[in-house]
Amino acid sequence: MRIILLILLLFVAGCDLLDTRDPEEPDTGRAGFNSATTPSILFENLSNSFKDRLEENYYSCFADSLFIDDNFIFVPSAGAISRYPVLADWDLDAEKQYFRQLLGTIDTESPVLLNFFDEEVTQIGDSAIYRYSYTITINSNDESLNEDYNGLSEYKIKRDNRNFWVITEWTDIKKDESPSWSELKGKYY
């Protein structure tokens, strides 16, 4: 009996059963993402999803039928549908596929930057309309992919049942001869 007790004591003393472990680094899978409790955080998340190249962050910016009764709607810029017919029936699945393709095509060291400017806001009860001029810049090691996309986007946003702001409708407007965001979507779909 003493031998069993001695072996048991040596076993417990020999292993680190009661020691605390070293803390783990936090999961940074959602870098640059904050819950969109304000519209400004929503658009910051949208911009950061390009910079951080995180698909989940991008998708979180749009209306999800699990949390809101509205479906996501995208209205492409004039002329883009004739070049890219897939834009005519664009939905959230198409939005996800385009973003995944965009990030998968451009090498990971190449920045993809989205900048918003010239903000205009119209508040409508529990929703709002935000208009931004935008520039998307792709700087790839593959010169054929380098391009700037410019235009104006109008976003109808609402709070979902989690009380987070999400994009329910997005209208893209071509401003000049530069390719628009709609053309970027069509190209990378």
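The values are calculated or read from the model by the stated rules, or taken from the named source; none is laboratory data. Remember, it's a predicted structure, so these values are computed and weren't measured experimentally. Cβ sites come from the backbone with ideal geometry, for glycine too, and all protein chains shown count toward neighbours.
Has the stretch 134-154 got at least one residue that is in a helix (DSSP H, G or I) and more than 23 Å from GLY79 (Cα to Cα)?
First pass over the stretch 134-154, keeping only residues in a helix (DSSP H, G or I): 143-145.
From what's left, more than 23 Å from GLY79 (Cα to Cα): 143.
Yes: the stretch 134-154 contains one or more residues that are in a helix (DSSP H, G or I) and more than 23 Å from GLY79 (Cα to Cα).
Give the residues of the stretch 118-140 that are surrounded by 14 or more Cβ atoms within 10 Å (Cβ to Cβ), touching a strand residue (DSSP E or B) at 6+ places or on another chain (Cβ under 7 Å) and of a type in the set (Ser, Thr, Tyr), sorted by residue number. Give the steps one after another, and end with the answer.
Taking the stretch 118-140 and keeping what is surrounded by 14 or more Cβ atoms within 10 Å (Cβ to Cβ), we get 127-140.
When the remaining residues are screened for being touching a strand residue (DSSP E or B) at 6+ places or on another chain (Cβ under 7 Å), the result is 127-138.
Listed by number, the residues that qualify are SER127, TYR130, TYR132, SER133, TYR134, THR135, THR137.
If you scan the stretch 143-189, which residues turn out to be of a type in the set (Phe, Trp, Tyr) and more than 17 Å from LYS96 (Cβ to Cβ)? Talk me through it step by step, then tell me what you get.
Start the filter on the stretch 143-189 by keeping residues that are of a type in the set (Phe, Trp, Tyr), which leaves 149, 155, 164-165, 170, 181, 188-189.
Within the stretch 143-189, TYR149, TYR155, PHE164, TRP165 meet the criteria.
Under the condition of being aromatic (Phe, Trp, Tyr) and more than 18 Å from THR168 (Cα to Cα), which residue from the stretch 31-74 is modelled with the highest pLDDT? First the steps, then the outcome.
Going through the stretch 31-74, the residues aromatic (Phe, Trp, Tyr) turn out to be 33, 43, 50, 58-59, 62, 67, 72, 74.
Checking the rest, the ones that are also more than 18 Å from THR168 (Cα to Cα) come to 33, 50.
Numbers: PHE33: 82, PHE50: 95.
Only one residue tops the list, namely PHE50.
Please name all residue pairs, on different chains or six or more residues apart, with Cβ atoms under 9 Å, provided the first residue is in the stretch 113-135 and is within 17 Å of PRO179 (Cα to Cα) and the second residue is basic (Lys, Arg).
From the stretch 113-135, the pairs are LEU113/LYS51; LEU114/LYS51; SER133/LYS175.
Among the numbered criteria (1) closer than 20 Å to SER82 by Cβ; (2) modelled with pLDDT under 95; (3) among the hydroxyl-bearing types (Ser, Thr, Tyr), which single criterion is violated by SER182?
Failing condition for SER182: (2).
Looking only at the stretch 67-112, count how many residues are without any contact (Cβ under 8 Å) to a residue 24 or more places away in the chain and under 23 Å from SER140 (Cβ atoms).
Result for the stretch 67-112: 1.
Taking the stretch 75-93 as the region of interest, how many residues are at pLDDT 95 or above and either in a strand (DSSP E or B) or touching a Lys or Arg at 6+ places or on another chain (Cβ under 8 Å) (or both)?
The total comes to 7.
Given the structure, is LYS185 of a type in the set (Lys, Arg), assigned to a helix (DSSP H, G or I) and closer than 13 Å to VAL75 by Cα? Show your work before the answer.
Numbers: of a type in the set (Lys, Arg): yes; assigned to a helix (DSSP H, G or I): yes; closer than 13 Å to VAL75 by Cα: yes.
So LYS185 passes the test.
Out of everything in the stretch 141-176 that is exposed (fewer than 13 other Cβ atoms within 10 Å of the Cβ) and free of Cβ contacts under 8 Å to residues at least 24 places away in the same chain, what residue ends up being nearest to PRO111 (Cα to Cα)?
For the stretch 141-176, the residue satisfying everything is GLU143.
Taking the stretch 56-74 on its own, how many of its residues are exposed (fewer than 15 other Cβ atoms within 10 Å of the Cβ) and not in a loop (DSSP other than H, G, I, E, B)?
Final tally of qualifying residues: 1.
Out of ASN115, ASN163, which single residue is over 18 Å from LYS51 (Cβ atoms) and either of a type outside the set (Ser, Thr, Tyr) or out of contact with any strand residue (DSSP E or B) (no Cβ under 6 Å at 6 or more places or on another chain) (or both)?
Numbers: ASN115 fails: over 18 Å from LYS51 (Cβ atoms).
On inspection, the qualifying residue turns out to be ASN163.
I'd like to check something: does the stretch 48-58 contain any residue that is touching a strand residue (DSSP E or B) at 6+ places or on another chain (Cβ under 7 Å) and touching a residue at least 60 places away in the same chain (Cβ under 8 Å)?
For the stretch 48-58, residues touching a strand residue (DSSP E or B) at 6+ places or on another chain (Cβ under 7 Å) and touching a residue at least 60 places away in the same chain (Cβ under 8 Å): present.
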